[in-house]
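Structure first, commentary second.
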Amino acid sequence: MRRVLTTGMLAILLLAPVACGGADPEAAPDAADLTQEAAPDAAEADASLVEAGDADPAAATADPALADGTAGAEGADPATAEAPTLTPAEVELITNFRPPSKGSEDALVTLYEFSDYI
Amino acid sequence: MYATETAREVEKNYIDTGLVKFVYWDLPLGSHGYPAVVSAEASHCAGEQDAYWEMHDALFGEWKMLSELDPEDEAAAVEAVLPIGEPLVEDGQAFQACVETQKYRPVVATMLRQAMDMEINATPAFLFGTVSPSGEQHVEPVMGYVEYEEFAKMLDREISRAQGTPIPDPTEVPTPDADAADDGGAAADDSGDGEG
């Protein structure tokens, strides 16, 4: 299955660190927006995590019911979500995190693989 | 499995040659439970000691063992993952502490959330991201396992897009071309014999 995503989705992946989870994937920001996306501050990271917790309780709490959130959006139940409590160190970790990559920074194509180890 | 078959050829022909930058994004499926989550966390713990890719490869090498664990047994997942990573890092105690304290759980959770936001909820899934010479951004998603020959055609198409050159007809079979070796076509030359 193939389909074209919005440039906003590309921006999230290409130009923003993981911590920018609060970005709207449906948005189609211009170049200036993309630049801003690339440097979220700690407050942004914090907000995005709360949002992640609301939508995906398992992801935030690591409950084995991870399936609820991971297997598909249909399983997430915000009503039962536990709000994640993040320490400042965790916020900093997320803010500074960059997804592992290899290859030239000047490469023509950026290939993202979404997977787990099973 | 992509990681043990197609990925090797992609790395050799596209990543190592500078044509493609590769990014790995954790997407621990719910049905895979704790073994998937703990593995992702452990990979980043190994990364703290500059052993991320070694751990990444080692975990994929143990996918069958990991898949046979109880998805709901976190302790078993930790017990299974630690011996995989400890030989790869210098400070085994630090690695163990990192895994056992779930240090990277918030990071993995965030990556998971972002993937879900993009409606990517199955593995493996891929995005090919390019920016054309005119600045136009393009993302081509591919869901599911793809054999190397087809994967190489997709990459060649995206490379052409990034270069602003005519995008190859997907129905055409790439033919060896000495002139193409310097402009991104080299990988296509190998696409026929590297299928995993």
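The values are calculated or read from the model by the stated rules, or taken from the named source; none is laboratory data. Please read these numbers as outputs of a predicted model, since none were measured by experiment. All Cβ positions, glycine included, derive from the backbone under ideal geometry; neighbour counts span all protein chains shown.
Of all the criteria given as (1) over 13 Å from the mean Cα position of the chain (by Cα); (2) in a helix (DSSP H, G or I), the one not satisfied by B:THR17 is (2). Return the residue satisfying two criteria in turn: it lies in the range A:76-118 and is polar (S, T, N, Q) and part of a loop (DSSP other than H, G, I, E, B), and of such residues it is modelled with the highest pLDDT. The selected residue is A:SER104.
Of all residues in the range B:137-144, at least one satisfies being at positive phi and modelled with pLDDT under 95.
Just one of (1) modelled with pLDDT under 90; (2) assigned to a helix (DSSP H, G or I) fails for B:ARG157. It is (1).
One residue stands out among those in the range B:15-32 that are out of contact with any Phe, Trp or Tyr (no Cβ under 8 Å at 6 or more places or on another chain) and over 20 Å from B:GLU54 (Cβ atoms): the one that is farthest from the other protein chains (Cβ to nearest Cβ), which is B:THR17. Under the condition of being outside any loop (DSSP other than H, G, I, E, B), crowded, with 21+ Cβ neighbours inside 10 Å and facing chain A (nearest Cβ under 9 Å), the residues counted in the range B:57-80 number 2.
Whenever a residue of the range B:33-46 is more than 7 Å from every other protein chain (Cβ to nearest Cβ), its partners that are assigned to a helix (DSSP H, G or I) and of a type in the set (Asp, Glu), lying with C-beta atoms within less than 8 angstrom and at least six residues away or across chains, give the pairs B:VAL38/B:GLU74; B:ALA46/B:GLU54. Looking across B:THR130, B:THR101, one residue alone is free of Cβ contacts under 8 Å to residues at least 40 places away in the same chain, more than 10 Å from chain A (Cβ to nearest Cβ) and polar (S, T, N, Q). It is B:THR101.
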